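Enquirer: Dropping the structure in here first, questions after.
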Amino acid sequence: MANTVIIKKKIKPFKKKIFVSGDKSLSIRWVLFSSLASGNSVAKNLLISEDVLSVINAVRKLGIKVQLKENYCKIFGKGINGYDYKRSITINAGNSGTLGRLILGLLINNPNSTRLIGDKSLSKRDFKRISDPLSKFGAKFKLSKNNSLPLKITGTKKPRPIFFRESKGSAQCKSAVIFGGLRTEGKTLIKAKKSRNHTEILCRYLNLPIKVQSEEKYDLIEISKAKKIKPLNYNIPSDVSSAAFFIVLTALSKKSELIIKNVNINPSRIGIITILKKMGVKIKFLNKKKYKGEKIADIMVNSPKTLKPINCPSSLNSGAIDEFLIIFLVAAKAKGISYFKDLSELNKKESPRLKLGSNILKMMGVKTITSYNSIRIFGNPNLKINKKIIIKNFLKDHRIFMTSIIAALSFGGDWTVHDKDSIKTSFPNFLNILKKLRKYEN
Ligand code: S3P
């Protein structure tokens, strides 16, 4: 079966330095900002994955020229009003919630109608969370039933500034409204629960009219209409969400050490590091530096002797939102009961991750108590799997696939994991990097 991976052996101790692929959030944002710049922008180390290719196709549809050669990309921006396309087009966001939501913010002032479609997983996800605030600018939306895709957006020539209270901790919603604000005369205000802040950092780096006041639990963001966006040359750092799988593999292995080079360690993204350190994993940042407002470092991880359970504060949820599946594996090996709460957003991702994550743990023989927004995991430091486990029907969620592979290599058992192709959305190189770590096995 070409699209399945079979694993029957645990990984042996390793000591390695690796690079993981470029950051997905930054790659998507770079394409979108560059598509509106006055002039040409170049990115190196762009993540080449299906999600990013969907963004490139989207801006091409909007009339922007893009050249791509391996992970080097050049975008020929035609200015902030440079999108030029036929009356009515369809944009296919594929599997990417980030593209699907962010692009709508850039279309609020375009009176042409645009249809937005996505794959089976994206078509199940909620778009009301974004059509609600963007409608207040004056854009009109027509959603499918269950507030999902396909949808139609018809922008307005004269958008009005809005106030948006973002209470889910969603960077996608916040960023789409920032994009809307940059296209609108007057002051748009956002009171946003803390979430990843790459859009704000890029706005500041590009001298766009944004002010951010940071309070303990939320940010107050004020945006005004941008006149011009300068070209943006960017060397994309590696993605901590991709690094996460190898960090956890090291945390669950014996006598191993791993250095992951040049990773984006933006404080709004490293919830996993804080959580794993609390659980007793030894993690250090080496060669710290700043790049265009983002923090970057090499991440060094050493296998710990024992793992402690965690009662995870929900203030860490947004900063680890893409990493909970893999964090649950660490909880499965900790000495005691771990508790993760206020996680209803986790069931609104590419798949219902809280539910599927809990199912996988159960298959592994780990006791869990799960509600719609929380999970208690009864860890076992001696957890060993001696049975057959088949992972399938998970809406091709890339993070479910990769988490299952790490579980197989860490706990043993005879695993068949379906839908290998899912990694193409975010981390096509995942299995090749694993091969390097398993090099000395036969
Ligand atoms: C992302 C934000 C998060 C995250 C997603 C990427 C982004 O989604 O899960 O993978 O780049 O803005 P939400 O904003 O919906 O939480």
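Enquirer: Condition first: in contact (Cβ under 8 Å) with a residue 60 or more places away in the chain and not basic (K, R). Can you find one or more residues in the stretch 50-57 that meet it? Let's see the steps before the verdict.
Expert: Looking only at the stretch 50-57, we keep the residues that are in contact (Cβ under 8 Å) with a residue 60 or more places away in the chain, and these are 50-51.
Adding the requirement that they be not basic (K, R) leaves 50-51.
Yes, that holds for at least one residue.
Enquirer: Is it the case that N71 is modelled with pLDDT under 95 and either surrounded by fewer than 19 Cβ atoms within 10 Å (Cβ to Cβ) or hydroxyl-bearing (S, T, Y) (or both)? If you could, list the steps in order and put the result at the bottom.
Expert: Values: modelled with pLDDT under 95: yes; either surrounded by fewer than 19 Cβ atoms within 10 Å (Cβ to Cβ) or hydroxyl-bearing (S, T, Y) (or both): yes.
Yes: the conditions hold for N71.
Enquirer: Among all residue pairs at least 6 apart or on different chains, which show Cβ distances below 8 Å where the first residue, located in the stretch 13-41, is within 20 Å of L232 (Cβ to Cβ) and more than 16 Å from the ligand (Cβ to nearest atom) and the second is modelled with pLDDT under 95 and outside any loop (DSSP other than H, G, I, E, B)?
Expert: none
Enquirer: What is the residue count in the stretch 83-117 for residues that are touching a Phe, Trp or Tyr at 6+ places or on another chain (Cβ under 9 Å) and assigned to a loop (DSSP other than H, G, I, E, B)? Let's see the steps before the verdict.
Expert: Going through the stretch 83-117, the residues touching a Phe, Trp or Tyr at 6+ places or on another chain (Cβ under 9 Å) turn out to be 100-110, 112, 114, 116.
Right, trim to assigned to a loop (DSSP other than H, G, I, E, B) and you get 107-110, 112.
So the count comes out to 5.
Enquirer: Just to verify a result, which residue in the stretch 319-349, among those that are among the β-branched types (V, I, T) and more than 13 Å from the ligand (Cβ to nearest atom), is farthest from S268 (Cα to Cα)? Outline the logic, then answer.
Expert: Kept after step one, since they are among the β-branched types (V, I, T), are these residues of the stretch 319-349: 321, 326-327, 330, 337.
Imposing the further condition that a residue be more than 13 Å from the ligand (Cβ to nearest atom) reduces the set to 326-327, 330, 337.
Working: I326: 18, I327: 17, V330: 21, I337: 26 Å.
Checking each candidate, the answer is I337.
Enquirer: Residue pairs, Cβ under 8 Å, 6 or more apart or interchain, first in the stretch 196-209 and at pLDDT 95 or above and of a type in the set (V, I, T), second in a helix (DSSP H, G or I) and within 12 Å of the ligand (Cβ to nearest atom). List them.
Expert: Hits for this filter: T199/R29; T199/A171; T199/K174; T199/S175; T199/I178; T199/F179.
This table checks each residue for (1) in a loop (DSSP other than H, G, I, E, B); (2) more than 16 Å from the ligand (Cβ to nearest atom).
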residue: K174; (1), (2): no, no
residue: I178; (1), (2): no, no
residue: R196; (1), (2): yes, no
residue: I201; (1), (2): no, no
residue: L208; (1), (2): yes, yes
residue: K211; (1), (2): no, yes
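Enquirer: Of all the residues that make up the stretch 133-172, how many are within 16 Å of the ligand (Cβ to nearest atom) and part of a loop (DSSP other than H, G, I, E, B)?
Expert: Applying the first criterion (within 16 Å of the ligand (Cβ to nearest atom)) to the stretch 133-172 yields 133-134, 147-149, 164-172.
Remaining after also requiring part of a loop (DSSP other than H, G, I, E, B): 147, 167-170.
Looking only at that region, the number is 5.
Enquirer: Residues in the stretch 114-121: is at least one surrounded by fewer than 21 Cβ atoms within 10 Å (Cβ to Cβ), at pLDDT 95 or above, more than 16 Å from the ligand (Cβ to nearest atom) and farther than 30 Å from L431 by Cβ?
Expert: yes
Enquirer: Looking at G63, G77, which is the one that is in a loop (DSSP other than H, G, I, E, B) and farther than 30 Å from D397 by Cβ? Give the steps one after another, and end with the answer.
Expert: Values: G77 fails: in a loop (DSSP other than H, G, I, E, B).
Being in a loop (DSSP other than H, G, I, E, B) and farther than 30 Å from D397 by Cβ holds for just one of G63, G77, which is G63.
Enquirer: Among the residues of the stretch 283-318, count how many are among the hydroxyl-bearing types (S, T, Y), more than 16 Å from the ligand (Cβ to nearest atom) and touching a Gly at 6+ places or on another chain (Cβ under 7 Å). Don't jump to the end; show me each part of the working.
Expert: Of the stretch 283-318, the ones among the hydroxyl-bearing types (S, T, Y) are 291, 303, 306, 314-315, 318.
Those left that are additionally more than 16 Å from the ligand (Cβ to nearest atom): 291, 303, 306.
Subset that is touching a Gly at 6+ places or on another chain (Cβ under 7 Å): 306.
Total meeting the criteria: 1.
Quick grid of which residues meet (1) within 26 Å of the chain's Cα centre (by Cα); (2) surrounded by fewer than 23 Cβ atoms within 10 Å (Cβ to Cβ); (3) modelled with pLDDT of 95 or more:
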| site | (1), (2), (3) |
| --- | --- |
| A2 | no, yes, no |
| I6 | no, yes, yes |
| I11 | no, yes, yes |
| I18 | yes, yes, yes |
| S21 | yes, no, yes |
| I28 | yes, no, yes |
| A37 | yes, yes, yes |
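Enquirer: Considering only the stretch 277-286, I want to know if a residue exists there that is closer than 19 Å to R196 by Cα and either among the small types (G, A, S) or in contact (Cβ under 8 Å) with a residue 12 or more places away in the chain (or both). Let's see the steps before the verdict.
Expert: Restricting attention to the stretch 277-286, the residues satisfying the condition of being closer than 19 Å to R196 by Cα are none.
No: the stretch 277-286 contains no residue that is closer than 19 Å to R196 by Cα and either among the small types (G, A, S) or in contact (Cβ under 8 Å) with a residue 12 or more places away in the chain (or both).
Enquirer: State the number of residues belonging to the stretch 183-194 that are within 16 Å of the ligand (Cβ to nearest atom) and either at positive phi or surrounded by 22 or more Cβ atoms within 10 Å (Cβ to Cβ) (or both).
Expert: Of the residues in that region, 2 qualify.
The values are calculated or read from the model by the stated rules, or taken from the named source; none is laboratory data. Everything quoted here is computed from the prediction, not taken from an experiment. Every residue, glycine as well, gets a Cβ built from its backbone with ideal geometry; the counts of neighbours run over all protein chains shown.
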